[in-house]
Amino acid sequence: MKLLSTANGRHKEPPSYLDALGYIKNHWQGSLPLRISIWVNGLFAAVIVAVLTTYAVDQIYQSDLSEKAWLAATLAAFGLSIAVSVWAIIGIWRSATRHQAEAGTMKSALVARLFASLGVLGLVAHLSQTPSPILENALVVGGIYPFGVPAELSVNGRTLHIDGSITAEVAEQFKELIGKHPEVIQVSLTSLGGSIDAAVKISSIIKKRNLSTVAVGECSSACTLIFLSSKVRAFDVDASLGFHSPSGGVYGDDVVVNGGSLEMRLAYADAGLSEPFADKVFGTPSNSMWQPTDDILIKEGAVNLFTKARIRQDHEQSIHSFNETKPLKIDEFMSVVSAKRDDINLTYTYVISAEKDEIDWASMSKQAAYDADALICGDAVSNLMVKSGATYSYLYLDKNGRKIGAATVGKCRS
C-alpha cells in the first residue's frame, strides 16, 4: 500500500476507509467524517433498502423459483435490508457521538441522530408495506400458518370441496386440482375464512369456469368472496354466511385493508348485493362477525338456491316445531292436526269440524289456494324452497277423516 509523507518526514498509510472492507468497518465504528456517514452512507443505505424491500422482493415473488429457493431469496432480501439499515444507523450514531466529543458541538450530532432515528422508522415503513401474500407465503413455506391449517381439497363426482382455511397454498392447489378435473361443475365450501388474495384467485377460476358454489355449514370471512363469485349460489345443510370488515392481514397494514375493501366491494357489486348490505359488512369490526338471516340473504340475492338436503332439513325443523304445539286451532271450525314430509314435499293436514257433504269445497278451494300461495310465496325462505323444487300441500279432511280437497304450492310467480 502506498505511504503518504507528513510534514515531519514520517509516513503513514492512507485512511483505511478507501478500502471497501475497511470503509465498511470504519463506518460501523463511527470513524468516518459525520458528513460522509450521513449524506453518503445514509442515503446509499436508504436506496438499497427501498429497492430490496419493494422491487426485489416483488420480483422474487413473481418468479418461477421453487418454494425453498423462493423462501431463501425472500429471507435473504429482507435480511440484507435489515443488515444494511443497522450498519448505516449504528455508524451514523457512533459518528455523531465521536463528532460531538471532538468538535464540542451538539447541533450536527443531534441532526445526525435524528437522521438515524428516521432511518429506523423508514425501515419499519418499508417492511410494513410488503405485500401480504409475500409475507404469508414465506410464513407458510416456513411451516407457520397465519390463517390456520390450510383447507383440505377433495373431488367427489362433479363437486370439489374446500374444507378449512383459505390460504395461498390452497389457491394453488385449487388451480391445479380443477385443471385435472374438467368434470367439476360445483365448488362446496366449509371455511371460517383466510386470505382475501387467495379467495380472489379461487373466485377468478370459478367465474372463468362458470362453476356454481354451495355453502355446507359455515362459510365466513374470505370464504364468502368465493361463495359469491358464482351465478348459482346454494345453501346446504346448516349453511350460513359470516361477514366482517377486512383485517390488516398478518401485519395489520393499511395497504392490505384498503386492497381487501376494494376486492370485497367489487365482489358484492358483481353479486348484485345492495350498498346498505355492503355498508353493514364494513361496519362490522374485523374481530367480530355478522351472520345475516336466511331471509336477508335471499332478499339480497346472495343465496338463490337450496339443495335437496337443505330442503329436507328445513321441512324436518318445521315438523318438529309444529309437533311441539299441535294441534293448532285456526278458528272454531278448523284445526291443523299433523305435518309430515315425503322427501322434499311437506304436507299439513287440516280438519274441518263438519261432515263432508256440509262443506262447499268448490267455493272454499279458491280461498284455500289463495291463502296457501300467500303464506308460502310471501315468505322469502319458503319461496326459495319452492323455486328449489320443494312443494307445500294443505290437505283438508272432514271431522270423520274423509278427504275434502287439497291446495298445493309447487310454483311461485314472484
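The values are calculated or read from the model by the stated rules, or taken from the named source; none is laboratory data. Computed from a predicted structure; not experimentally measured. So basically every Cβ, Gly included, is an ideal-geometry build from the backbone, and we count neighbours across all protein chains shown. Surface accessibility is based on the protein's heavy atoms, side chains included, excluding ligands, DNA and RNA. Shrake-Rupley method; radii C 1.70, N 1.55, O 1.52, S 1.80 Å.
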*Of the residues that make up the range 154-163, is at least one surrounded by fewer than 22 Cβ atoms within 10 Å (Cβ to Cβ) and under 26 Å from Asn287 (Cα atoms)?*
yes
*asked:* Quick check on the range 390-409. Is at least one of its residues within 41 Å of the chain's Cα centre (by Cα), over 22 Å from Asp238 (Cβ atoms), open to solvent by less than 40 Å² (accessible area, probe 1.4 Å) and not hydroxyl-bearing (Ser, Thr, Tyr)?
replied: yes
*Members of the range 351-379 found to be within 15 Å of Gly401 (Cβ to Cβ) and outside any helix (DSSP H, G or I), listed by number*: Val351, Ile352, Ser353, Ala354, Glu355, Ile359
*Mind telling me which of the residues Ile205, Ile185 ends up being buried (at least 17 other Cβ atoms within 10 Å of the Cβ) and not charged (D, E, K, R)?*
Ile205
*Looking at Ala234, Ala215, Ala171, which one is at pLDDT below 95 and open to solvent by less than 10 Å² (accessible area, probe 1.4 Å)?*
Ala171
*Given the conditions (1) in contact with a Phe, Trp or Tyr (Cβ under 7 Å, 6 or more places away or on another chain); (2) at pLDDT below 95; (3) not aliphatic (A, V, I, L, M), which single one is not true for Gly283?*
(1)
*Only one of these conditions is not met by Tyr348: (1) of a type in the set (Ser, Thr, Tyr); (2) assigned to a loop (DSSP other than H, G, I, E, B); (3) closer than 18 Å to Ile319 by Cβ. Which number is it?*
(2)
*Within the range 327-352, restricting attention to residues that are farther than 12 Å from Thr391 by Cβ and of a type in the set (D, E, K, R), which residue is least open to solvent (accessible area, probe 1.4 Å)?*
Asp331
*Check the range 377-385 and report whether any residue there is over 30 Å from Ala278 (Cα atoms) and either hydrophobic (A, V, I, L, M, F, W, C) or modelled with pLDDT of 95 or more (or both).*
no
*Quickly run through the range 189-213 and pick out the residues that are at positive phi and either among the hydrophobic types (A, V, I, L, M, F, W, C) or in contact (Cβ under 8 Å) with a residue 40 or more places away in the chain (or both).*
Gly193, Gly194
*asked:* Yes or no: the range 343-350 includes at least one residue that is among the β-branched types (Val, Ile, Thr) and closer than 15 Å to Ala407 by Cα.
replied: yes
_Test for Leu346: is it in contact (Cβ under 8 Å) with a residue 12 or more places away in the chain and closer than 30 Å to Ala269 by Cα_ = no
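Yes/no per residue for (1) touching a helix residue (DSSP H, G or I) at 6+ places or on another chain (Cβ under 9 Å); (2) touching a residue at least 60 places away in the same chain (Cβ under 8 Å); (3) over 22 Å from Gly193 (Cα atoms); (4) buried (at least 20 other Cβ atoms within 10 Å of the Cβ):
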site: Ser261; (1), (2), (3), (4): yes, no, no, no
site: Gly272; (1), (2), (3), (4): yes, no, no, no
site: Phe282; (1), (2), (3), (4): yes, no, no, no
site: Pro285; (1), (2), (3), (4): no, no, no, no
site: Pro292; (1), (2), (3), (4): yes, no, no, no
site: Gly301; (1), (2), (3), (4): no, no, no, no
site: Ala309; (1), (2), (3), (4): no, yes, yes, no
site: Arg312; (1), (2), (3), (4): no, no, yes, no
site: His315; (1), (2), (3), (4): yes, yes, yes, yes
_I need the full set of residues from the range 353-369 which are within 17 Å of Tyr392 (Cβ to Cβ) and open to solvent by less than 70 Å² (accessible area, probe 1.4 Å), in order please._
Ser365, Ala368, Ala369
*Select, from Val49, Val57, the only residue that is at pLDDT below 75, on the phi < 0 side of the Ramachandran plot and surrounded by 17 or more Cβ atoms within 10 Å (Cβ to Cβ).*
Val57
